[in-house]
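The values are calculated or read from the model by the stated rules, or taken from the named source; none is laboratory data. Given the structure is predicted, the values throughout are model-derived calculations rather than measurements. Backbone-built Cβ (ideal geometry, glycine too); neighbour counts: all protein chains shown. Please note that ligands, DNA and RNA were not included when accessible areas were found on the heavy atoms of the full protein model with its side chains. Shrake-Rupley method; radii C 1.70, N 1.55, O 1.52, S 1.80 Å.
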Amino acid sequence: MRDRYRVERDKRLRADGNDQYIEVVGEFAHYTDDPYVESPIDRPPLTDEVDVIIVGGGFGGLQMGARLREAGVEDLRIIEKGGDFGGTWYWNRYPGAQCDIESYIYLPLLEEVGYIPQEKYSYAREILDYSRRLGEHYRLYDGVMFQTEVTGMTWDEDAARWIVATNRGDALRARFVAMANGPLNRPKLPGIPGISDFQGHAFHTSRWDYDYTGGGPDGNLDRLGDKRVAVIGTGASAIQCVPFLGETAQHLYVFQRTPSSVDVRGNEPTDSQWVAGLQPGWQKQRMENFNGLVSGVPQTEDLVDDGWTDLIGMMIRRFRDAQANGSADIAEILEMANFDKMNEIRSRVDGLVDSPEIAEKLKPYYRMFCKRPTFNDEYLPAFNRPNVELVDTAGKGVDRITEHGLVVDGVEYEVDCIIFATGFEVGTSYARRAGYEIIGSRGQTLSEKWATGMSTLHGMQSRGFPNCFFMQISQAAFTANFPHLLDELSTHLAHIIGHALRQGAATVEVSEQGEEAWVATIVEKGLGAMGALGGADCTPGYYNNEGQAREPSAIQAAPYGGGSIEFFQLLEGWRANGNFDGLEFTN
Ligand code: NDP
């Protein structure tokens, strides 16, 4: 099996790595236009001042806003390019979009807001509505600027203020700025030769064109009845929308380069009896239980009990059994557990797809967690429909796009519409993904500062950028449940900002020693972590830098190698100690 995995990986390795993708600018810029705005805002530019500006109105910005409100910060403003709160869930409205971390731990601040999701895995519409509810609950609509993109940020040293420029000509002033841009926010397109030649309709899954397809997030895409549709990509987004496209399209071609692992979804409505028995503090306990299980830390029970905890649970059980028998070879045990899990995933394909030939093409041959696992009960059976056709590209991708269709292995597939389910930028520069540059003390840009490697304290503050805060995975932590990380980061940042405001501090900045020590910790603990997700022997994807060697400095962009649980404890201890170690305040 190891050999088979290696052969499959080698087929997919390519010299251009991340450069195979096209940045969505210039002639492709329209792919990021907002199709959801109902009433475009027209307003004069603003130049006023607030205590805190948060960039991004997704879960990061909302959680940051919520924790700042709890810390007594009243004067804050969120700037968001979309037309409402929601971030990922504002943009990704494709049919079938659904969270695949359990909603009871994925939707933040449920107990604070007093809300219980309707199902174990919420659909996008409910999450978008919940985002609005968070905005209302924490009064984050006050002062919000929607349909506004930050274009630059400059630190005014004399005034100790950030000047925030936007695409609407604003020059806003703020004492503190917090970046909640999200890790997967810039759609990317594949650099397939001829992509500009296509004369039909085309869009990206994160900007779904319901005017073209008809229907809505629940499906019924009734304008596709006479359309031949191509989906490029078979990642988590495609897995969720393909069944709905298959239901109505005259003909659907799914162009596959690498099959996803598709495990059981098993969604269920929320059990009201279970809800009635919940005790205060239940959500945090559940989040921590899940995070423990997916981090390999033994727990006495598995509260979430789904595909994420299943594999890790199996590994831990096997490890314990082997230890009891005095034969603990952890690497082999983990590998065997992984093989078994992937065999189960591959057998599932045989059980759900009628044609053995098609089933074989849909089987993933790589280790679990080389790529983002997916969970769905309708995707695989969609290939039993006569109007749904899998075009497997044997790991090579689509060869060419023409005026009328797509070419694979010398065959042209004529289509009316191409839907790019090709994901989001990962691994490009921070400024490129954010869409703006941050200019700190003495005119130094963030790109310049991080050109030789990221350097921060806890991933959240960087020397030379006073009063500026980041919410990110790099130099912080990785957890499968991303809002859990955001919760810990926003609690921490609100603690620092709240303190600075209460003390009347003009600036708060990382000390040189504080930053050096944290970077050293990341490097020292980081090597193991880099391999944990998408190691070099994995089939290429964004988890392993498309299979390419990383710059030596990339180690500095790793999350904390001790794991998220240790990182969260470390932050909690840092706050409890009360010395604000590694920070310098000025009055
Ligand atoms: P991904 O990056 O996961 O998938 C992109 C797909 O496009 C891959 O199948 C890729 O193939 C394929 N592709 C790229 N270039 C070509 C080409 N030239 N020819 C053919 N195929 C090509 O994007 P998604 O939008 O699906 O998901 C992005 C991330 O967003 C997920 O990994 C997940 O973290 C998150 N997400 C979460 C969801 C949830 O929680 N419910 C739902 C959707 C997304 P290859 O694999 O070979 O590179």
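Using a 1.4 Å probe over the heavy atoms of the protein chains, calculate the carbon and sulfur portion of the accessible area of the chain as a whole percent.
48
Would you work out the charge dipole size for segment 1-127 about its Cα centre, treating the Cβ of every Lys and Arg as +1 and the Cβ of every Asp and Glu as -1, and quote it to the nearest 20 debye?
860
Please determine, in degrees from 0 to 90 and to the nearest 10, the orientation of helix 482-503 with respect to the longest principal axis defined by the Cα atoms of the chain, where the helix direction is its Cα long axis.
Tilt relative to the chain: about 10 degrees.
How many nm is it between the label spots at Arg14 and Ser355, if each spot is 7 Å from the Cα in line with the beta carbon?
2.5
Rounded to whole Å, give me the distance from the Cα center of segment 35-74 to that of segment 131-202.
10
Quick one: the Cα spread of segment 246-384 along its three principal axes, in angstroms, biggest first?
Result, largest extent first: 50, 45, 21 Å.
Run a plain Debye calculation on segment 40-97 (Cα atoms as equal point scatterers, no solvent) and give log10 I(q)/I(0) at q = 0.12, 0.22 Å⁻¹, rounded to two decimals, same order as the q list.
Result of the Debye calculation: -0.36, -0.93.
By DSSP, what percent of the beta bridges with both residues in the chain are antiparallel, rounded to the nearest 5?
45
What base-10 log of the normalised intensity I(q)/I(0) is obtained for segment 1-137 from the Debye formula, alpha carbons as equal point scatterers, at q = 0.09, 0.13, 0.17, 0.19 Å⁻¹?
Log10 I(q)/I(0), no solvent term: -0.43, -0.78, -1.04, -1.15.
Would you mind listing how long the chain runs along its three principal axes, going by Cα atoms, in whole Å with the largest first?
Its Cα atoms span 71, 67, 53 Å along the three principal axes.
Which whole-number value in Å² is the accessible area per residue of segment 1-83, probe 1.4 Å?
Per residue, segment 1-83 has 49 Å² of solvent-accessible surface.
Divide, for segment 441-533, the radius of gyration over alpha carbons by 2.2 N^0.38 Å, where N is the residue count.
Segment 441-533 yields a ratio of 1.14.
Taking the Cβ of Ala500 as the centre, find all other residues whose Cβ is under 13 Å away and add up their charges (Lys, Arg: +1; Asp, Glu: -1).
After counting each charged neighbour, the total is -1.
Per residue, how much accessible surface does segment 461-581 expose to a 1.4 Å probe? Answer in Å², no decimals.
I get 37 Å² per residue for this part.
Can you tell me the Rg and Dmax of segment 394-452, counting just the alpha carbons, in angstroms?
19.6, 57
On C-alpha positions alone, give me the angle between the axis of helix 564-577 and the longest principal axis of the chain, in degrees, nearest 10.
Relative to the chain, helix 564-577 is tipped by roughly 10 degrees.
Which entries in Lys371/Lys525; Lys120/Lys396; Lys284/Lys363; Lys188/Lys363; Lys11/Lys363 show an alpha-carbon gap greater than 27 Å? Don't jump to the answer; show the numbers that get you there.
Working: Lys371/Lys525 23 Å; Lys120/Lys396 37 Å; Lys284/Lys363 36 Å; Lys188/Lys363 25 Å; Lys11/Lys363 15 Å.
In this structure, Lys120/Lys396; Lys284/Lys363 lie more than 27 Å apart at Cα.
Can you pull the Kirkwood radius for segment 167-265, inverse mean 1/r over Cα pairs, to one decimal in Å?
One over the average 1/r among Cα pairs gives 16.4 Å for segment 167-265.
What accessible area per residue, rounded to a whole number of Å², is obtained for segment 180-294 using a probe radius of 1.4 Å? Walk me through the intermediate numbers first.
Details: 4400 Å² over 115 residues.
Ligands and nucleic acids excluded, the result is 38 Å² per residue.
Could you tell me how many degrees, from 0 to 90 and to the nearest 10, lie between the Cα long axis of helix 124-137 and the main elongation axis, the longest principal axis, of the Cα atoms of the chain?
Roughly 10 degrees, rounded to the nearest 10.
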